1. Identify, by number, the condition in (1) open to solvent by less than 30 Å² (accessible area, probe 1.4 Å); (2) assigned to a loop (DSSP other than H, G, I, E, B) that residue B:37 doesn't meet.
2. Applying the selection to the range A:21-42, what residues are facing another protein chain (nearest Cβ under 7 Å), within 16 Å of residue B:104 (Cβ to Cβ) and touching a Ser or Thr at 6+ places or on another chain (Cβ under 8 Å)?
3. Go through the residues of the range B:43-50 one by one and say whether even a single one is of a type in the set (Asp, Glu) and open to solvent by 40 Å² or more (accessible area, probe 1.4 Å).
4. Could you check the range B:70-83 and list, in sequence order, the residues that are within 16 Å of DNA strand C (Cβ to nearest atom) and touching a strand residue (DSSP E or B) at 6+ places or on another chain (Cβ under 8 Å)?
5. When the residues of the range B:43-65 are filtered to those that are modelled with pLDDT of 95 or more and farther than 15 Å from residue B:89 by Cβ, which remaining residue is nearest to the other protein chains (Cβ to nearest Cβ)?
6. Tell me yes or no: at least one residue of the range B:64-83 is at positive phi, surrounded by fewer than 19 Cβ atoms within 10 Å (Cβ to Cβ) and touching a Lys or Arg at 6+ places or on another chain (Cβ under 9 Å).
2 protein chains.
Amino acid sequence: MKKFSPCCSPVLQGSLPKSDAEELAALFKALGDPVRLRLLSFIAEQPESEACVCYLTEPTGLSQPTVSHHLKLLHDAGLLEREKRGAWVFYRVVPERLEAIRAALVTRAPRVREAKRA
Amino acid sequence: MKKFSPCCSPVLQGSLPKSDAEELAALFKALGDPVRLRLLSFIAEQPESEACVCYLTEPTGLSQPTVSHHLKLLHDAGLLEREKRGAWVFYRVVPERLEAIRAALVTRAPRVREAKRA
DNA sequence: GGCGGACATCGACGTTCTTCGATGTCTTTG
DNA sequence: CAAAGACATCGAAGAACGTCGATGTCCGCC
């Protein structure tokens, strides 16, 4: 009853370089908060995929500094562009950034469950 | 020099329901750590998109409890399936879950910058 | 120039997260 | 049955995060 011991070659080859992992993780972390997701979603739904900050503060039910902080994080992550227009500030979605995330999530060989080990 | 005051109708319609936002955010949070991304990436690259835990502990440079903890978080998020085989435990990637994330990131009207306001 | 409004920044507080050593559970082996 | 190995669970410690009130900065307006 001997088994092929699966243990323990020193693998984890290049798979995902540590620097890439950190960069990607920072992106996901920016999306890992319900408030930020709703802000992003709301802005993306607006006419030019942009919105004035003054529209965003009140509906969230959070304080103005908190909303400003979340917008800054989304901006730092490259998910939002910032543009000042007179006294107001507009944030616009950066679709390329979202596409980059989608691209990072493509799975190799998605469906091979049926015809194996026949 | 009067402007259309952009302030402040009580919007943020349905956009992203709070419950959906929390669920999605939990998913992104699970991906928001470089260690977990590398674990996921490594497992996804293996023959059946699965790997024994014993392969995963040492290469990360982290302690066994820490790796176990990260795997648990990925499992709780539905990103990994867990299967015990004798004394060993294998984790397998759940591609549907990754696809679900990709689907959530589709952007409406990605490129309309050129031909506007002609 | 001075006032008020729109956002950003600062400092603080409580919560959550990452990590670890120690310990527990289960399985295989001698 | 006892010993050893593979993972999970349990605190605990330190870092990171979300939130707020107070304050600062910039702009438009009287």
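1. (2)
2. A:38, A:41, A:42
3. Yes.
4. B:71, B:74, B:75, B:79, B:80, B:82, B:83
5. Ranking the candidates gives B:62 first.
6. Among the residues of the range B:64-83, at least one is at positive phi, surrounded by fewer than 19 Cβ atoms within 10 Å (Cβ to Cβ) and touching a Lys or Arg at 6+ places or on another chain (Cβ under 9 Å), which makes the answer yes.
The values are calculated or read from the model by the stated rules, or taken from the named source; none is laboratory data. As the structure is a prediction and not an experimental result, all values here were calculated from the model. Positions of Cβ are backbone-derived with ideal geometry, glycine not excepted, and every protein chain shown enters the neighbour counts. Only protein heavy atoms, including side chains, enter the accessible area calculation; ligands, DNA and RNA are left aside. Shrake-Rupley method; radii C 1.70, N 1.55, O 1.52, S 1.80 Å.
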